[in-house]
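The block underneath contains the structure these notes are about, expressed in structure tokens.
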Amino acid sequence: MKRFAASLLLSGLAGCGSAPEPETSRETVHVGAGTVVDVVEGRVLIDHDAIPGFMDAMTMSFGVEDPALLQGLEVGMEVSFRVKVLDAAFVIESIEPNERSP
């Protein structure tokens, strides 16, 4: 019985000094749609619909992964976009004007 208790104590102590496992970053991508409200300094302000599983409908400023994504965007333009979420930060990785239905 003493051997078992000593073995149990030693195995418990072996884990006490170990470093915690590093948290892994989780990257997800969500698709949204909305209307461009403003484009300024590497950001786009979009009045967007709810993005299922991510956020409610709101007007929000987004950074972009590549400033070239902002070229050709105009206030009032309806767009579809993909927003990449990495931990607590998010950025638009693609944005395109929606085609208007006749």
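FYI, it's all coordinate maths here, none of it is from the lab. Note that the coordinates shown come from a computational prediction; the quantities given were computed from them, not determined experimentally. Cβ: placed from backbone, ideal geometry, glycine included. Neighbour counts: every protein chain shown.
Expressed in nm², what is the orientationally averaged projection area of the convex hull enclosing the Cα positions of segment 26-97?
Mean shadow area of the hull around the Cα atoms is 4.2 nm².
With +1 on each Lys and Arg Cβ and -1 on each Asp and Glu Cβ, and nothing else charged, work out how big the dipole of segment 26-97 is about its Cα centre, in Debye to the nearest 20.
Charge dipole of segment 26-97: 160 debye, to the nearest 20.
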